[in-house]
Amino acid sequence: MRILVAGGGLAGLVAALGSLESGAEVTLLEKGVRPGGSFVYSSGYIWSYRDLATFRREVPAGDAALQRLILRRLPPDLGWLEERGAPALARETGNPLTFGARFDPERVVASLVQRIAAAGGRILTNARLRILTLAGGRIAGAEVAQNGGERREPADAVILATGGFAASRELVRRYILRGPGELQLRAHPRSTGDGFRAALAAGALASPGLDGFYGRNLPAPPANFSPQEFVEVSQLYGRHAVALNAAGERYADEAADWSETALVRATARQPGLRAWYVLDAAALRRRVRDRTVEEMVAAALRAGGTVLRAESLEKLAERLAERGVPLKRALRTLGEYDAAVSAGRAAELSPPRSEPAAPVRVPPFMAVEVAPAITHTTGGLAVDAGCRVLRQADGRPLPGLYAAGVEAGGVSTGGYASGLASALVFGRVAAGSAVEDGKADLKR
């Protein structure tokens, strides 16, 4: 059986090796010069919520069948990854809501690539999926662009793992921003929706939640940093700050969720796609995971981000006003926030403020300009629990087409779940389904 895997990130590498281990002939298309995708820029944590009740509470609009699949498969799949030469660096996530393990992304990629080659798999670099080909109502391979030329790759099944469409300005504007503007990219630039577009053109069904994404608020331009610094420069302390938009108003519950994904998405809806995190000295001493807020602010400064400092809120508001934030409105917003929090009425604010909620009182005060950045999309292609892509016409599987990683949409609709868990679990599931379906077809 011939399987074509499009995409050489974690999902594609796992799908390719899983297919080879099941006896298939495999060709892997990698759009760049080497496999790895955005996985190599990540912190390496592969995790899930501890139980279905927590998963449903954190992501209530997500596909329950896919969430159950991740819960059931992640523990053995983490073991599978370790058995293939990538030992876990840590088995704790630092979050009581989740379980999982941390890996060295570069080592994982090197190990999987080596094993794919040793098992006889073909890895084509600088190779981009263009069009899925069909014959008799089923997927029969793909047309591929490589090094300035085009070729046809026949296959009995295609597994899409091209990483969603985070790097496509057109698709991000159409589905996520629904208008002008541009999100910073916190990933590699090759996830431009190749698999998503090709599947829709072949009659596939899109998942719910195409307007969703996972990302972080990063130091706003003129800050400049490399992809290797994406984790370091992330400004992951909104829950300890007051977030103001360009109009000097709070625009979201800064502590609505532990991951601050909701805050990032709300920032993407603000004028100019910019905001300010206002902090006092007490907030700077707070810890988020293994860093203090002060260390994250320092990372923004090193990257050339805009960080304002003053000995009073009045002086800080004056400095914000120099950058276009209305002085009186900013002071009124901060005053109303402090009064409500001090009186234990943070939930009565508009927008409400969840815990932790602390007044902004202790000098010096700081304001850090942030901008939302997208790591990956959370909407994509509709799949069943076997990662078979469904048809738009009738909601049934489109024969021969599978999706892995964030290409399979719906898990995180309305919330946030690990994209790397989707890569590992769905990569293995897609490979298993493709091989099993192929064997079943031969028996008919």
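Annotations
- The listed residue being touching a Pro at 6+ places or on another chain (Cβ under 7 Å) and under 12 Å from Val278 (Cα atoms), out of Ala310, Ala317, Ala330, Ala367: Ala310
- Glu21 being surrounded by 16 or more Cβ atoms within 10 Å (Cβ to Cβ), within 23 Å of Ala101 (Cα to Cα) and of a type in the set (Asp, Glu): no
- Among the residues here, Val383 does not qualify as assigned by TED's automatic domain parsing to the domain that holds Ala321, in contact (Cβ under 8 Å) with a residue 60 or more places away in the chain and surrounded by 23 or more Cβ atoms within 10 Å (Cβ to Cβ).
- Residue check, Ala61 surrounded by 15 or more Cβ atoms within 10 Å (Cβ to Cβ), part of a loop (DSSP other than H, G, I, E, B) and not charged (D, E, K, R): no
- Look at segment 114-128: where a residue is without any contact (Cβ under 8 Å) to a residue 60 or more places away in the chain and a partner is outside any helix (DSSP H, G or I) and surrounded by fewer than 18 Cβ atoms within 10 Å (Cβ to Cβ), sitting 6+ places away or on another chain with Cβ atoms under 9 Å, you get Gln114/Gly85.
- Residue within segment 137-144 that is in contact with a helix residue (DSSP H, G or I) (Cβ under 8 Å, 6 or more places away or on another chain), surrounded by 24 or more Cβ atoms within 10 Å (Cβ to Cβ) and outside any strand (DSSP E or B) present: no
- Taken over segment 300-321, the criterion of being buried (at least 16 other Cβ atoms within 10 Å of the Cβ) and out of contact with any strand residue (DSSP E or B) (no Cβ under 8 Å at 6 or more places or on another chain) is satisfied by Ala317, Ala321.
- Out of Leu74, Leu78, Leu20, Leu28, sole residue that is modelled with pLDDT of 95 or more, over 24 Å from Val231 (Cα atoms), in contact with a strand residue (DSSP E or B) (Cβ under 6 Å, 6 or more places away or on another chain) and part of a helix (DSSP H, G or I): Leu20
- The listed residues are Gly335, Gly324, and the only one of them that is surrounded by fewer than 17 Cβ atoms within 10 Å (Cβ to Cβ), on the phi > 0 side of the Ramachandran plot and in the same structural domain as Pro221 (by TED's automatic domain parsing) turns out to be Gly324.
- Residue count for segment 81-91 under the criterion of being surrounded by 13 or more Cβ atoms within 10 Å (Cβ to Cβ) and either at pLDDT below 95 or more than 28 Å from Thr413 (Cα to Cα) (or both): the result is 6.
- For segment 356-383, the set of residues classified as of a type outside the set (A, V, I, L, M, F, W, C) and over 21 Å from the mean Cα position of the chain (by Cα) consists of Pro356, Pro359, Arg361, Pro363, Pro364, Glu369, listed by residue number.
The values are calculated or read from the model by the stated rules, or taken from the named source; none is laboratory data. Since the structure is predicted, the reported quantities are computational estimates derived from the model, not experimental observations. Quick reminder, even Gly has a Cβ in these numbers, built from the backbone with ideal geometry, and neighbours come from all protein chains shown.
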